[in-house]
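Trainee: Can you read through this structure? Questions will come right after.
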Amino acid sequence: MNLSQVARVLAGFTLFFSLVQGIPLMFALFLDGAPNANAADVDAVRGFVRGMAIGLGAAALLWVAGRRADGHFFRKEGLIVVGMAWLMSSLLGAIPFLSSAAMPTAADAIFESVSGLTTTGATVLGAPGQHKISELPHSLLLWRSMLQWMGGLGIILVFIVLLPAMGVTGKNLLSSEQVGVSSDSLRPRMQEQARGLFRVYLVLTLLALAAYWAITGSFFESVCHAFTTLSTGGFSPRDASIGEYDSVALEIAVIVFMFLAGANFTLLLATSRQRLFNPLVLLKNPEFRLYAALTVLLVLVVTAILIGSGKTLTYSLRQGTFAVVSLMTSTGYGAAADFQKWPGPALSVLLLCMLIGGSSGSTAGGIKTVRLLVVGKVIAYQLRHFIRPKSVEKIRVGHDVVPTAIVGSVLAMTVLWVGAVSVGTLALSLDGRLHLLDCFSANLSMCGCTGPALSAVDPQGHLVGEIDLGPMGSFGALRGWSKILLSLQMVFGRLEFLVPLAMLTPGFWKR
């Protein structure tokens with residue numbers, strides 16, 4: 001195992017991540033309140049200075065450890081780098097929150113940082129004893145959004161750009177972060193494809209920024225929301241998220257960009273490269289068809305349930321569409337309606353949205369539609385094989401045959417998903433102040449990198465438990481160990497379980 005090469009690569013990544021903090025630092029120094037800077041602005045400057053100093057120091061130590069490294073870089077090294085990169089970025093990302101006194105404890109700062117980088121979007125802000133979101137300096141609000149934008153397309157793309165300068169290849173890193181099946185791969189011409197994906201990500205972000213700015217008139221808030229929409233992260237500089245604007249036009253724009261962010265970026269890239277751009281070509285892809293069909297179907301189901309409960313058609317369609325797209329793409333933005341007070345059947349559909357997630361190759365979380373497609377085909381095959389034991393078939397997605405190894409990894413990840421949510425639910429129930437639904441939905445949301453959970457309410461709309469983890473609530477009132485537990489669930493879900501679990505096996509570290 002080439003640990004010196006691992007140290008060298010991590011040094012480059014840590015240097016990059018530390019220098020990026022210079023952007024909100026410059027914002028804090030020159031734009032956040034000068035010349036009438038208050039104590040919070042000064043604290044923010046101190047937080048970013050400490051974060052950069054610690055990060056640069058860590059990068060220097062790693063570079064010294066890896067200065068004699070050669071270019072050999074295999075799968076184990078890729079797994080270590082990916083796992084350590086997420087750990088280091090989560091800790092470094094938490095320093096500005098903790099050092100600026102924006103978060104009272106290390107557990108709070110780590111939770112917020114991990115939630116940002118994994119694009120989960122759950123927050124500790126707004127709880128009793130915590131600052132409101134709107135009370136933070138603009139530099140910290142920008143940092144929250146930047147964490148999500150950097151984490152959205154995957155920290156892995158940073159490596160694909162950095163590694164060639166270090167004489168190593170990035171394919172083992174890519175396979176380390178992406179587990180399971182994808183309708184398109186990045187294997188051929190990896191750097192070219194990575195740059196193409198980044199261009200799609202950047203162009204969609206700029207388009208979202210332009211649309212939001214035209215609607216709201218606030219450039220800063222539009223930047224923050226553009227970052228957190230395309231990353232399907234869901235952080236907002238507003239206390240009540242998108243719902244605070246009460247703007248139908250803004251909600252429509254956000255829905256469109258959330259849906260695009262939940263689609264396969266490789267597919268979007270291939271479509272954009274055609275001579276005659278035709279979005280309908282997307283419908284030829286089986287995963288995109290399933291993704292679009294499920295979205296429309298679940299929107300109609302929730303709308304019908306809300307109408308049946310006495311809500312107006314306008315309210316039902318507007319709020320139902322926003323909630324379904326927000327949760328299915330794992331963005332988790334809050335709307336004007338507190339959906340946890342909706343009828344039980346509607347909540348069941350929303351939990352299903354959290355489970356399904358977006359497409360493979362997207363910034364969305366969840367199990368992913370292509371994996372559900374594979375699981376469905378495996379079940380159908382087993383039923384046919386049960387009737388005709390001698391039949392031999394191959395699992396296909398579209399025209400592509402899915403290799404047996406990929407089918408196995410998809411089934412394993414699905415089982416791990418169920419196991420992680422179940423174990424996490426039991427562990428979180430030890431907090432003693434949460435209803436079982438709170439514990440289950442919180443773990444489902446964290447593993448799927450969605451953000452808001454569903455807190456149990458009585459028929460009058462009052463909380464059954466003591467803490468509101470829903471779209472209008474906060475995770476800040478949880479105990480420290482609960483926040484660390486949920487932070488681990490976020491990272492495990494973002495890395496899709498197999499990567500961190502492989503690193504925890506004793507055999508992994510044997511030469």
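Trainee: In deg cm²/dmol, rounded to 500, what helix-only [θ] at 222 nm does the chain give when every DSSP H run of at least 4 residues adds -39500 (n - 2.57) and the total is split over its residues?
Mentor: Rounded to the nearest 500, the figure is -20000 deg cm²/dmol.
Trainee: Taking the Cβ of residue 464 as the center, what net charge do the other residues with Cβ under 13 Å away carry, scoring Lys and Arg +1 and Asp and Glu -1?
Mentor: Local net charge: -2.
Trainee: What does the C-alpha gyration tensor say about the overall shape of segment 185-399? Classify as rounded when a/c is under 1.5, otherwise prolate if a/b is larger than b/c, or oblate.
Mentor: Oblate, since a/c reaches 1.5 and b/c is not below a/b.
Trainee: Among all the aspartates and glutamates, which ones have a C-alpha under 13 Å from residue 510's C-alpha, if same-chain residues fewer than 8 places away are not counted?
Mentor: Those aspartates and glutamates meeting the cut-off are 77.
Trainee: So what J values fall out for segment 133-144 if you push phi through Karplus, 6.51 cos²θ - 1.76 cosθ + 1.60 with θ = phi - 60°, rounded to Hz, Gly and Pro as x?
Mentor: Working through the residues one at a time gives 4, 5, 7, 6, x, 4, 5, 6, 5, 5, 4, 4 Hz.
Trainee: A further question follows. Fewest to most neighbouring Cβ within 10 Å: what's the order for 381, 201, 291?
Mentor: 381, 201, 291
Trainee: Would you mind checking the pairs 311/341; 132/483; 284/368; 284/390; 284/377 and listing those with alpha carbons more than 22 angstrom apart?
Mentor: Going by Cα-Cα distance, 284/390 fall outside the 22 Å limit.
Trainee: Which of the chymotrypsin sites (Phe, Trp or Tyr not before Pro) found in segment 38-146 are loop residues per DSSP with 13 or fewer other Cβ atoms within 10 Å of their Cβ?
Mentor: 74
Trainee: For a footprinting-style exposure proxy, rank 379, 80 by other Cβ within 10 Å, fewest first.
Mentor: Ranked by crowding around the Cβ, least crowded first: 379, 80.
Trainee: Can you sort 70, 431 so the residue with the fewest Cβ neighbours within 10 Å comes first?
Mentor: 70, 431
Trainee: Could you please report the charge total around residue 380, scoring K, R as +1 and D, E as -1 over all other residues with beta-carbon less than 14 angstrom from its beta-carbon?
Mentor: +4
Trainee: What residues qualify as long-range amide H neighbours of residue 457, i.e. H under 5 Å apart, gap of 5 or more or another chain, H built at 1.01 Å from N?
Mentor: Here 464 satisfy the definition.
Trainee: Let me ask something additional. For segment 226-287, run through the trypsin sites (Lys or Arg not before Pro) and keep only the ones in DSSP coil with at most 10 other Cβ atoms within 10 Å of their Cβ.
Mentor: Those that pass, being in a loop and sparsely packed, are 273, 275.
Trainee: Shifting gears a bit: Using C-alpha positions alone, give me the convex hull volume of the chain per residue in cubic angstrom.
Mentor: Details: hull volume 83.6 nm³, N = 511.
With only Cα atoms used, the chain gives 164 Å³ per residue.
Read-outs: derived from the displayed coordinates by stated rules, not from any lab. All figures in this text were calculated on a predicted structure; none of them were measured in a lab. So basically every Cβ, Gly included, is an ideal-geometry build from the backbone, and we count neighbours across all protein chains shown.
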